[in-house]
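Have a look at the structure below, then the notes.
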Amino acid sequence: RDEPGHRPAGPARAPMAARILQRLRDALGAEGGREQRRRGGPEPEDCPESSELEDDTEGLSTRLSGTLSFTGRDGEEEDEEEEEERGAEPGPPEGAEGAGRCWGAGLGSGRCGGSRARGGAAGRPGSLLSRQLQELWRKSRGSPAPQRLLFEVSSASVVSERSSKYVLYTTYLIRSGRPDRAPAAITRRYSDFERLNRRLRCRFGCDMASIAFPRKRLHRNFTAETIAKRSRAFEQFLSHLHSIAEIRRSPEFLEFFFLQDLRAAQRLTCTGMYREALATWANAYRLQERLGVCGSGRFLLTLAGLAVCHQELDQLGEAHGCCEQALQLLEAQGSHPLLGPFLQAHVHLAWKVGKDKRRSEARLQELREAGPALQQQPTLKECLIKEPLD
(Lines give C-alpha, C1' and ligand atoms only; values in the text may rest on other atoms or scores of the structure.)
Protein backbone atom coordinates (compact mmCIF):
# COMPACT_ATOMS: atom_id res chain seq x y z
CA ARG A 1 0.00 0.00 0.00
CA ASP A 2 2.97 2.29 0.60
CA GLU A 3 4.53 1.36 -2.68
CA PRO A 4 4.95 4.19 -5.20
CA GLY A 5 2.24 4.35 -7.90
CA HIS A 6 -0.32 2.56 -5.73
CA ARG A 7 -3.94 3.86 -6.23
CA PRO A 8 -6.92 3.54 -3.89
CA ALA A 9 -9.51 0.83 -4.46
CA GLY A 10 -12.50 1.25 -6.75
CA PRO A 11 -15.07 2.34 -4.09
CA ALA A 12 -12.86 5.20 -2.98
CA ARG A 13 -12.59 6.51 -6.52
CA ALA A 14 -16.37 6.34 -7.20
CA PRO A 15 -17.32 9.73 -5.68
CA MET A 16 -14.58 11.48 -7.62
CA ALA A 17 -15.69 9.85 -10.89
CA ALA A 18 -19.28 10.85 -10.24
CA ARG A 19 -18.27 14.47 -9.63
CA ILE A 20 -16.20 14.54 -12.83
CA LEU A 21 -19.10 13.08 -14.82
CA GLN A 22 -21.50 15.64 -13.34
CA ARG A 23 -19.15 18.52 -14.21
CA LEU A 24 -18.87 17.19 -17.75
CA ARG A 25 -22.66 17.07 -18.07
CA ASP A 26 -23.01 20.61 -16.73
CA ALA A 27 -20.39 21.89 -19.16
CA LEU A 28 -22.08 20.19 -22.10
CA GLY A 29 -25.48 21.56 -21.06
CA ALA A 30 -24.14 25.10 -20.76
CA GLU A 31 -22.41 24.83 -24.12
CA GLY A 32 -25.62 23.54 -25.71
CA GLY A 33 -27.62 26.43 -24.25
CA ARG A 34 -25.12 28.97 -25.56
CA GLU A 35 -25.16 27.31 -28.99
CA GLN A 36 -28.96 27.39 -29.04
CA ARG A 37 -29.04 31.07 -28.09
CA ARG A 38 -26.37 31.86 -30.68
CA ARG A 39 -28.47 30.27 -33.41
CA GLY A 40 -31.52 32.22 -32.34
CA GLY A 41 -33.43 29.13 -31.13
CA PRO A 42 -36.05 29.23 -28.38
CA GLU A 43 -35.02 29.20 -24.77
CA PRO A 44 -35.72 25.95 -22.91
CA GLU A 45 -39.04 26.07 -21.10
CA ASP A 46 -39.26 25.55 -17.38
CA CYS A 47 -42.76 24.11 -17.71
CA PRO A 48 -44.52 22.02 -20.35
CA GLU A 49 -46.35 23.63 -23.23
CA SER A 50 -49.77 22.76 -21.89
CA SER A 51 -49.19 24.91 -18.81
CA GLU A 52 -49.33 28.02 -21.01
CA LEU A 53 -53.13 27.69 -21.29
CA GLU A 54 -54.06 30.22 -18.65
CA ASP A 55 -57.82 29.76 -18.97
CA ASP A 56 -58.60 26.19 -19.94
CA THR A 57 -62.30 26.72 -19.36
CA GLU A 58 -62.38 28.94 -22.43
CA GLY A 59 -60.60 26.35 -24.58
CA LEU A 60 -57.94 28.83 -25.65
CA SER A 61 -54.78 27.73 -27.45
CA THR A 62 -51.67 29.85 -27.61
CA ARG A 63 -49.78 27.66 -30.07
CA LEU A 64 -51.84 28.16 -33.24
CA SER A 65 -49.94 29.98 -35.94
CA GLY A 66 -51.06 32.90 -38.08
CA THR A 67 -53.27 34.64 -35.54
CA LEU A 68 -53.59 38.23 -34.45
CA SER A 69 -54.19 39.53 -30.99
CA PHE A 70 -57.54 41.10 -30.23
CA THR A 71 -55.83 43.80 -28.18
CA GLY A 72 -53.07 45.91 -29.73
CA ARG A 73 -49.53 44.63 -29.76
CA ASP A 74 -47.02 46.47 -27.70
CA GLY A 75 -43.37 45.73 -27.22
CA GLU A 76 -40.51 45.25 -29.63
CA GLU A 77 -40.44 41.46 -29.30
CA GLU A 78 -44.06 41.13 -30.34
CA ASP A 79 -43.52 43.45 -33.29
CA GLU A 80 -40.69 41.24 -34.49
CA GLU A 81 -42.85 38.14 -34.17
CA GLU A 82 -45.59 39.83 -36.16
CA GLU A 83 -43.20 40.59 -39.01
CA GLU A 84 -42.17 36.93 -39.10
CA GLU A 85 -45.79 35.78 -39.16
CA ARG A 86 -46.58 38.04 -42.10
CA GLY A 87 -44.03 36.24 -44.22
CA ALA A 88 -41.65 39.20 -44.43
CA GLU A 89 -38.62 38.44 -46.52
CA PRO A 90 -35.65 37.69 -44.26
CA GLY A 91 -32.68 39.96 -44.56
CA PRO A 92 -30.04 41.78 -42.60
CA PRO A 93 -31.53 44.42 -40.30
CA GLU A 94 -30.98 48.05 -41.07
CA GLY A 95 -27.83 49.47 -39.56
CA ALA A 96 -26.41 46.01 -38.86
CA GLU A 97 -22.87 47.00 -39.75
CA GLY A 98 -22.84 50.10 -37.60
CA ALA A 99 -24.40 48.38 -34.62
CA GLY A 100 -22.08 45.41 -34.89
CA ARG A 101 -25.02 42.94 -35.09
CA CYS A 102 -24.31 39.55 -36.64
CA TRP A 103 -27.06 38.51 -39.03
CA GLY A 104 -26.88 35.13 -40.78
CA ALA A 105 -24.05 33.52 -38.86
CA GLY A 106 -22.21 31.14 -41.14
CA LEU A 107 -23.04 33.02 -44.36
CA GLY A 108 -19.44 33.99 -44.92
CA SER A 109 -19.89 37.65 -43.99
CA GLY A 110 -16.74 37.56 -41.87
CA ARG A 111 -18.32 39.66 -39.09
CA CYS A 112 -19.00 36.79 -36.69
CA GLY A 113 -16.08 35.37 -34.82
CA GLY A 114 -17.92 32.10 -34.17
CA SER A 115 -18.65 31.64 -37.87
CA ARG A 116 -15.05 32.31 -38.83
CA ALA A 117 -13.73 29.91 -36.21
CA ARG A 118 -16.00 27.10 -37.40
CA GLY A 119 -15.68 27.86 -41.10
CA GLY A 120 -11.92 28.12 -41.21
CA ALA A 121 -10.10 29.04 -44.38
CA ALA A 122 -11.53 28.75 -47.89
CA GLY A 123 -12.03 25.20 -49.04
CA ARG A 124 -12.86 23.78 -45.59
CA PRO A 125 -16.29 22.26 -44.86
CA GLY A 126 -17.44 25.40 -43.02
CA SER A 127 -16.61 27.59 -46.00
CA LEU A 128 -18.44 25.19 -48.31
CA LEU A 129 -21.52 25.39 -46.10
CA SER A 130 -21.33 29.18 -46.21
CA ARG A 131 -21.29 29.18 -50.00
CA GLN A 132 -24.24 26.80 -50.11
CA LEU A 133 -26.26 28.99 -47.74
CA GLN A 134 -25.40 32.08 -49.75
CA GLU A 135 -26.62 30.35 -52.91
CA LEU A 136 -29.88 29.37 -51.20
CA TRP A 137 -30.31 32.95 -50.00
CA ARG A 138 -29.84 34.33 -53.53
CA LYS A 139 -32.42 31.87 -54.90
CA SER A 140 -34.90 32.64 -52.14
CA ARG A 141 -34.81 36.36 -52.96
CA GLY A 142 -36.13 35.62 -56.44
CA SER A 143 -39.07 33.50 -55.23
CA PRO A 144 -42.23 35.18 -53.90
CA ALA A 145 -43.00 34.85 -50.23
CA PRO A 146 -45.97 32.57 -49.53
CA GLN A 147 -49.23 34.43 -49.02
CA ARG A 148 -51.18 33.55 -45.91
CA LEU A 149 -54.58 34.59 -44.67
CA LEU A 150 -54.90 36.12 -41.23
CA PHE A 151 -58.06 36.62 -39.23
CA GLU A 152 -58.53 39.59 -36.90
CA VAL A 153 -61.57 40.28 -34.74
CA SER A 154 -61.49 44.06 -34.90
CA SER A 155 -64.62 44.83 -32.90
CA ALA A 156 -67.39 43.21 -30.90
CA SER A 157 -70.75 44.76 -30.06
CA VAL A 158 -73.54 43.64 -27.74
CA VAL A 159 -76.93 43.56 -29.47
CA SER A 160 -80.13 43.61 -27.44
CA GLU A 161 -83.38 42.61 -29.10
CA ARG A 162 -86.84 42.16 -27.66
CA SER A 163 -86.33 38.60 -26.50
CA SER A 164 -82.60 37.98 -26.87
CA LYS A 165 -79.18 39.46 -26.30
CA TYR A 166 -76.03 38.45 -28.11
CA VAL A 167 -72.59 39.64 -29.24
CA LEU A 168 -71.66 40.34 -32.85
CA TYR A 169 -67.98 39.80 -33.71
CA THR A 170 -66.59 41.65 -36.76
CA THR A 171 -63.72 39.67 -38.30
CA TYR A 172 -61.39 40.95 -41.02
CA LEU A 173 -59.68 38.65 -43.52
CA ILE A 174 -56.18 40.02 -44.10
CA ARG A 175 -53.66 38.79 -46.66
CA SER A 176 -50.16 38.80 -45.23
CA GLY A 177 -47.35 40.30 -47.26
CA ARG A 178 -49.30 43.09 -48.96
CA PRO A 179 -51.79 45.74 -47.84
CA ASP A 180 -55.51 45.41 -48.45
CA ARG A 181 -56.99 48.67 -49.68
CA ALA A 182 -60.53 47.31 -49.55
CA PRO A 183 -60.81 44.96 -46.56
CA ALA A 184 -63.10 41.94 -46.51
CA ALA A 185 -65.07 41.47 -43.32
CA ILE A 186 -67.77 39.28 -41.81
CA THR A 187 -70.02 39.85 -38.81
CA ARG A 188 -70.98 36.70 -36.93
CA ARG A 189 -72.34 35.78 -33.52
CA TYR A 190 -71.31 32.95 -31.23
CA SER A 191 -74.05 30.65 -32.54
CA ASP A 192 -72.69 31.01 -36.09
CA PHE A 193 -69.21 29.93 -35.00
CA GLU A 194 -70.71 27.10 -32.97
CA ARG A 195 -72.73 25.86 -35.96
CA LEU A 196 -69.58 25.87 -38.13
CA ASN A 197 -67.67 23.98 -35.45
CA ARG A 198 -70.43 21.37 -35.15
CA ARG A 199 -70.73 20.82 -38.91
CA LEU A 200 -66.98 20.48 -39.39
CA ARG A 201 -66.62 18.03 -36.49
CA CYS A 202 -69.30 15.82 -38.04
CA ARG A 203 -67.38 15.67 -41.32
CA PHE A 204 -63.72 16.05 -40.26
CA GLY A 205 -63.65 14.35 -36.87
CA CYS A 206 -59.96 13.41 -36.91
CA ASP A 207 -58.74 16.79 -38.17
CA MET A 208 -60.94 18.67 -35.72
CA ALA A 209 -59.82 16.67 -32.68
CA SER A 210 -56.91 19.02 -31.94
CA ILE A 211 -58.79 22.27 -32.63
CA ALA A 212 -60.03 24.15 -29.58
CA PHE A 213 -63.35 25.98 -29.47
CA PRO A 214 -64.58 28.25 -26.64
CA ARG A 215 -67.33 26.54 -24.68
CA LYS A 216 -70.60 28.11 -23.68
CA ARG A 217 -70.87 29.87 -20.35
CA LEU A 218 -73.89 30.24 -18.10
CA HIS A 219 -72.83 33.59 -16.67
CA ARG A 220 -70.66 36.61 -17.55
CA ASN A 221 -71.11 36.21 -21.32
CA PHE A 222 -71.21 39.97 -21.90
CA THR A 223 -68.26 41.11 -19.81
CA ALA A 224 -65.31 42.74 -21.55
CA GLU A 225 -63.00 39.95 -20.39
CA THR A 226 -65.18 37.18 -21.84
CA ILE A 227 -65.68 39.01 -25.12
CA ALA A 228 -61.94 39.63 -25.48
CA LYS A 229 -61.09 36.00 -24.76
CA ARG A 230 -63.67 34.74 -27.22
CA SER A 231 -62.44 37.16 -29.86
CA ARG A 232 -58.95 35.79 -29.50
CA ALA A 233 -60.27 32.22 -29.52
CA PHE A 234 -62.27 32.83 -32.73
CA GLU A 235 -59.15 34.21 -34.44
CA GLN A 236 -57.22 31.10 -33.50
CA PHE A 237 -60.10 28.83 -34.44
CA LEU A 238 -60.41 30.24 -37.98
CA SER A 239 -56.65 30.31 -38.49
CA HIS A 240 -56.31 26.68 -37.48
CA LEU A 241 -59.18 25.65 -39.77
CA HIS A 242 -57.64 27.55 -42.69
CA SER A 243 -54.31 25.79 -42.15
CA ILE A 244 -55.88 22.40 -43.01
CA ALA A 245 -56.33 22.04 -46.79
CA GLU A 246 -59.33 19.69 -46.69
CA ILE A 247 -61.23 21.97 -44.33
CA ARG A 248 -60.16 25.13 -46.14
CA ARG A 249 -61.75 23.86 -49.38
CA SER A 250 -64.90 22.43 -47.81
CA PRO A 251 -68.31 24.02 -48.56
CA GLU A 252 -69.03 24.27 -44.83
CA PHE A 253 -65.99 26.45 -44.22
CA LEU A 254 -66.37 28.60 -47.36
CA GLU A 255 -70.08 29.24 -47.03
CA PHE A 256 -69.60 30.35 -43.43
CA PHE A 257 -67.86 33.42 -44.84
CA PHE A 258 -69.86 34.52 -47.88
CA LEU A 259 -73.19 32.67 -48.08
CA GLN A 260 -74.92 35.16 -45.79
CA ASP A 261 -73.70 38.06 -47.91
CA LEU A 262 -74.88 36.34 -51.10
CA ARG A 263 -78.35 35.80 -49.67
CA ALA A 264 -78.59 39.38 -48.43
CA ALA A 265 -77.34 40.79 -51.75
CA GLN A 266 -79.80 38.67 -53.72
CA ARG A 267 -82.68 39.83 -51.49
CA LEU A 268 -81.67 43.47 -51.88
CA THR A 269 -81.38 43.09 -55.65
CA CYS A 270 -84.84 41.53 -55.89
CA THR A 271 -86.33 44.47 -54.00
CA GLY A 272 -84.60 47.04 -56.20
CA MET A 273 -82.17 48.34 -53.54
CA TYR A 274 -79.26 48.24 -55.95
CA ARG A 275 -76.87 50.54 -54.10
CA GLU A 276 -77.11 48.55 -50.86
CA ALA A 277 -76.94 45.31 -52.83
CA LEU A 278 -73.81 46.51 -54.66
CA ALA A 279 -71.89 46.97 -51.40
CA THR A 280 -72.91 43.50 -50.23
CA TRP A 281 -72.01 41.87 -53.57
CA ALA A 282 -68.63 43.65 -53.43
CA ASN A 283 -67.86 42.32 -49.95
CA ALA A 284 -68.81 38.79 -51.05
CA TYR A 285 -66.46 39.24 -54.01
CA ARG A 286 -63.56 40.21 -51.73
CA LEU A 287 -64.26 37.35 -49.34
CA GLN A 288 -64.16 34.77 -52.12
CA GLU A 289 -61.02 36.35 -53.53
CA ARG A 290 -59.25 36.13 -50.16
CA LEU A 291 -60.34 32.51 -49.76
CA GLY A 292 -59.10 31.60 -53.25
CA VAL A 293 -62.39 30.40 -54.79
CA CYS A 294 -62.55 32.72 -57.79
CA GLY A 295 -63.47 29.92 -60.19
CA SER A 296 -66.55 28.58 -58.42
CA GLY A 297 -70.20 28.93 -59.35
CA ARG A 298 -70.79 31.20 -56.37
CA PHE A 299 -68.12 33.56 -57.68
CA LEU A 300 -69.79 33.70 -61.12
CA LEU A 301 -73.07 34.50 -59.42
CA THR A 302 -71.31 37.28 -57.52
CA LEU A 303 -70.00 38.73 -60.77
CA ALA A 304 -73.53 38.58 -62.17
CA GLY A 305 -74.83 40.50 -59.16
CA LEU A 306 -72.12 43.14 -59.51
CA ALA A 307 -72.81 43.53 -63.25
CA VAL A 308 -76.58 43.90 -62.73
CA CYS A 309 -76.23 46.45 -59.91
CA HIS A 310 -73.61 48.48 -61.77
CA GLN A 311 -75.82 48.54 -64.83
CA GLU A 312 -78.91 49.57 -62.87
CA LEU A 313 -76.89 52.38 -61.26
CA ASP A 314 -75.71 53.53 -64.72
CA GLN A 315 -72.11 52.47 -64.03
CA LEU A 316 -71.72 50.82 -67.41
CA GLY A 317 -67.93 50.61 -67.48
CA GLU A 318 -67.82 48.68 -64.22
CA ALA A 319 -70.63 46.38 -65.39
CA HIS A 320 -68.76 45.70 -68.63
CA GLY A 321 -65.61 44.81 -66.66
CA CYS A 322 -67.55 42.30 -64.52
CA CYS A 323 -68.90 40.60 -67.64
CA GLU A 324 -65.44 40.40 -69.18
CA GLN A 325 -64.02 38.80 -66.03
CA ALA A 326 -66.83 36.25 -65.99
CA LEU A 327 -66.32 35.37 -69.66
CA GLN A 328 -62.63 34.83 -69.04
CA LEU A 329 -63.51 32.33 -66.31
CA LEU A 330 -66.01 30.65 -68.66
CA GLU A 331 -63.51 30.50 -71.53
CA ALA A 332 -62.56 26.87 -70.92
CA GLN A 333 -66.13 25.69 -70.34
CA GLY A 334 -68.15 24.53 -73.31
CA SER A 335 -71.51 25.19 -71.68
CA HIS A 336 -72.70 26.89 -68.51
CA PRO A 337 -76.12 28.23 -67.49
CA LEU A 338 -74.67 31.73 -67.14
CA LEU A 339 -72.64 31.73 -70.37
CA GLY A 340 -75.47 32.91 -72.64
CA PRO A 341 -76.73 35.61 -70.25
CA PHE A 342 -73.18 36.92 -69.71
CA LEU A 343 -72.56 37.03 -73.48
CA GLN A 344 -75.77 38.92 -74.11
CA ALA A 345 -75.02 41.41 -71.35
CA HIS A 346 -71.44 41.84 -72.58
CA VAL A 347 -72.53 42.58 -76.17
CA HIS A 348 -75.08 45.13 -74.97
CA LEU A 349 -72.66 46.85 -72.59
CA ALA A 350 -69.80 46.83 -75.11
CA TRP A 351 -72.03 48.63 -77.58
CA LYS A 352 -72.94 51.19 -74.86
CA VAL A 353 -69.37 51.96 -73.80
CA GLY A 354 -67.78 51.65 -77.24
CA LYS A 355 -65.77 48.46 -76.67
CA ASP A 356 -65.04 45.60 -79.03
CA LYS A 357 -67.89 43.07 -79.03
CA ARG A 358 -66.98 40.90 -82.03
CA ARG A 359 -65.67 37.96 -79.98
CA SER A 360 -68.79 37.82 -77.82
CA GLU A 361 -71.01 38.04 -80.89
CA ALA A 362 -69.14 35.13 -82.46
CA ARG A 363 -69.60 33.03 -79.36
CA LEU A 364 -73.28 33.91 -79.28
CA GLN A 365 -73.60 32.72 -82.87
CA GLU A 366 -71.96 29.43 -81.92
CA LEU A 367 -74.49 29.00 -79.10
CA ARG A 368 -77.36 29.68 -81.51
CA GLU A 369 -76.14 26.95 -83.82
CA ALA A 370 -75.48 24.45 -81.05
CA GLY A 371 -78.46 24.96 -78.74
CA PRO A 372 -81.87 26.55 -78.24
CA ALA A 373 -82.67 30.08 -79.36
CA LEU A 374 -81.21 32.73 -77.07
CA GLN A 375 -84.50 34.55 -77.01
CA GLN A 376 -85.80 31.77 -74.75
CA GLN A 377 -82.93 32.06 -72.29
CA PRO A 378 -83.27 34.29 -69.21
CA THR A 379 -81.38 37.53 -68.85
CA LEU A 380 -78.55 37.95 -66.39
CA LYS A 381 -80.87 39.66 -63.91
CA GLU A 382 -83.46 36.89 -64.17
CA CYS A 383 -80.79 34.22 -63.56
CA LEU A 384 -79.62 36.16 -60.54
CA ILE A 385 -83.05 36.44 -58.99
CA LYS A 386 -84.06 32.83 -59.62
CA GLU A 387 -80.81 31.22 -58.43
CA PRO A 388 -81.50 29.27 -55.20
CA LEU A 389 -78.99 29.95 -52.42
CA ASP A 390 -79.43 27.07 -49.99
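The values are calculated or read from the model by the stated rules, or taken from the named source; none is laboratory data. No experiment lies behind these values; they were computed from the predicted model shown. Virtual Cβ from ideal backbone geometry, glycine too; neighbours counted across all protein chains shown. Heavy atoms of the whole protein, side chains included, go into the accessibility calculation; ligands, DNA and RNA do not. Shrake-Rupley method; radii C 1.70, N 1.55, O 1.52, S 1.80 Å.
For the stretch 318-359, what does the relative contact order come out to in percent, with C-alpha contacts under 8 Å and a separation of six or more?
This gives 40 percent for the stretch 318-359.
Can you compute 3J(HN,Hα) from phi for each residue in the stretch 262-279, using the Karplus curve 6.51 cos²θ - 1.76 cosθ + 1.60 with θ = phi - 60°, rounded to whole Hz and x for Gly and Pro?
With coefficients 6.51, -1.76 and 1.60, one gets 5, 5, 5, 5, 5, 5, 5, 5, 5, 8, x, 8, 5, 5, 5, 5, 4, 5 Hz.
Kindly provide the pair-distance distribution of the stretch 251-390 built from C-alpha pairs, with 5 Å bins from 0 and whole-percent values in order of increasing distance.
With 5 Å bins starting at 0, P(r) equals 2, 10, 22, 22, 21, 13, 7, 3, 0.
By per-residue mean of other Cβ atoms within 10 Å, what is the highest-first order of 157-169, 339-351?
In descending order of packing, they fall as 339-351, 157-169.
Rolling a 1.4 Å sphere over the protein heavy atoms, what is the accessible area per residue of the stretch 152-208, to the nearest Å²?
Heavy-atom SASA per residue in the stretch 152-208 reads 59 Å².
In whole Å, what three semi-axes, largest first, describe the equivalent ellipsoid of the stretch 148-249 built from its Cα gyration tensor (square root of 5 times each eigenvalue)?
Here the semi-axes work out to 23, 19, 11 Å.
Once the piece of chain linking Arg248 and Arg178 is laid out straight, how much longer is it, given 0.36 nm per residue of separation minus the C-alpha distance between them?
The Arg248-Arg178 span can extend by a further 23.1 nm.
From the phi angles alone, apply the Karplus equation (6.51, -1.76, 1.60; θ = phi - 60°) to the stretch 292-306 and give each ³J(HN,Hα) in whole Hz, x where the residue is Gly or Pro.
x, 10, 7, x, 8, x, 4, 5, 5, 5, 5, 4, 5, x, 5
For Ser155, what residues show an amide H to amide H distance below 5 Å, using hydrogens built from the backbone and excluding near sequence neighbours?
Sorted by chain and number, the residues that satisfy this are Thr170.
So for each of 190-200, 229-239, 209-219 I average, over its residues, the number of other beta carbons within 10 Å; can you give me the resulting order with the highest mean first? Before the final figure, lay out each step's value.
Working: 190-200: 16.2, 229-239: 22.7, 209-219: 13.0.
Most protected by this proxy first, the peptides run 229-239, 190-200, 209-219.
Carbon and sulfur: what percent of the stretch 148-249's accessible surface (1.4 Å probe)?
The nonpolar share, carbon plus sulfur, comes to 49 percent.
In what sequence, highest mean first, do 353-359, 307-313 appear when ranked by Cβ atoms within 10 angstrom?
Details: 353-359: 12.1, 307-313: 22.3.
In descending order of packing, they fall as 307-313, 353-359.
At 0.36 nm per residue, minus the direct Cα-Cα distance, what do Lys352 and Arg162 gain on full extension? Give it in nm, one decimal, please.
On the way: separation 190, 0.36 × 190 = 68.40 nm, distance 5.00 nm.
Gain on extension, Lys352 to Arg162, equals 63.4 nm.
What's the FRET efficiency of His219 with Arg263 using the Cβ-Cβ distance as r and R₀ = 35 Å, to the nearest 0.05?
0.55
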